[in-house]
Amino acid sequence: MKKLFLAAFCVLALAACNKSGKDAQRLASEQQRDSLERIIAQKDNEINDMMSTLNDIEEGFREISEAEDRVTVAKRGEGASASARIRENMQFIQQTMKQNRELINKLRQQVRESSVKGEQLKRTLENLTAQLAEKEQMLQQLRAELDAKDIHIAELDETIADLHQDVASLKDEGTKKDATIDTQDKQLNTAWFVFGTKKELKEQKILQDGKVLQSNFNKEYFTKIDIRVDKEIKLYSKSAEMLTAHPASSYTLERDANKQYVLRITNPQQFWSTSKYLVIQVK
């Protein structure tokens with residue numbers, strides 16, 4: 001009887017454990033799904049906000065082009081009414097250009113803060129900046145033509161001065177951003193290596209009490225490399241031992257014609273994923 005009771009208890013306990021495990025698995029799955037849905041919703045909102053701003057910018061450029069056409073038509077006329085129409089449209093162009101500058105800056109900020117990244121967004125901003133510069137040139141040409149007809153609009157001087165400054169600022173910001181990206185790229189792809197005898201490594205505090213790369217080791221003793229370019233390191237020794245941990249599938253240690261070891265890194269990203277410092281002990 002006791003055995004029967006014990007067996008029944010074990011069955012019930014096992015069923016309870018299975019149910020508990022399934023509940024935990026279902027809860028984890030639901031949490032993961034909720035997290036993914038939140039991420040997708042966030043990205044959708046960011047994309048919608050940027051597309052709304054982009055549509056406003058494109059609409060602004062369309063309205064500017066239409067106003068420029070109206071100015072061109074009005075230039076063919078004579079008298080006070082023609083001059084009034086020209087001034088009215090030029091003021092409209094000035095206001096719309098100012099709005100577009102602000103919208104482009106807003107879009108640039110949205111792209112900078114967004115979790116949505118991509119080359120297409122960068123190219124879109126570059127194209128909008130180019131359109132802004134093109135409109136600046138067209139406004140300069142319009143001013144010259146209006147000056148020739150003694151139709152001088154003081155507000156246009158301010159518009160063109162603002163455009164010069166804005167386009168210069170956008171280009172300067174783009175240059176600085178490119179420089180920052182280049183610097184970050186170099187840092188991400190920079191690594192350091194050293195090989196030496198046990199005595200040499202101890203002298204530079206790279207190897208201490210059988211442990212490698214403890215505090216205060218001499219970083220100047222290492223050689224800096226670009227992991228995208230430098231994939232082969234000659235060790236000039238018939239004995240070589242890796243002291244830092246790197247995935248075994250990401251490199252090979254082979255002997256050359258002189259029976260000396262050469263390290264060949266076959267998968268740089270994987271090899272350097274564990275450590276950007278490489279230490280090899282040779283004899």
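Relative to the globular-protein estimate of 2.2 N^0.38 Å, the Cα radius of gyration of the range 228-283 stands at 1.08. Each peptide among 200-212, 252-264, 86-98 gets the average number of other Cβ atoms lying within 10 Å of its residues, and from highest to lowest they stand as 86-98, 200-212, 252-264.
Against the empirical curve 2.2 N^0.38 Å, the C-alpha radius of gyration of the range 192-232 lands at a ratio of 1.26.
Among the listed pairs Lys198/Lys238; Lys234/Lys283; Lys205/Lys259; Lys198/Lys276; Lys122/Lys276; Lys122/Lys231, those whose Cα-Cα separation exceeds 25 Å are Lys205/Lys259; Lys122/Lys276; Lys122/Lys231. Under 5 Å from the amide H of Leu278 lie the amide H atoms of Trp192, Phe193, Val194, each residue being 5 or more positions distant or on a separate chain, with H modelled from the backbone and absent for Pro and chain starts. Percent relative contact order of the range 200-248, based on C-alpha pairs within less than 8 angstrom and at least six residues apart? Over the range 200-248, the number comes to 24 percent. In whole angstrom, the range 186-283 maps to an equivalent ellipsoid with semi-axes of 20, 18, 11, each derived as √(5λ) from the alpha carbon gyration tensor and ordered largest first.
Remark: the range 133-138, residue by residue, has Karplus-estimated 3J(HN,Hα) of 5, 5, 5, 4, 5, 5 Hz, where x stands for each Gly or Pro and the curve is 6.51 cos²θ - 1.76 cosθ + 1.60 at θ = phi - 60°.
Throughout, read-outs are computed from the coordinates displayed, never taken from laboratory work. Source: prediction; values computed, not measured. Cβ coordinates were reconstructed from backbone atoms using ideal geometry, including for glycine residues, and neighbour counts include every protein chain displayed.
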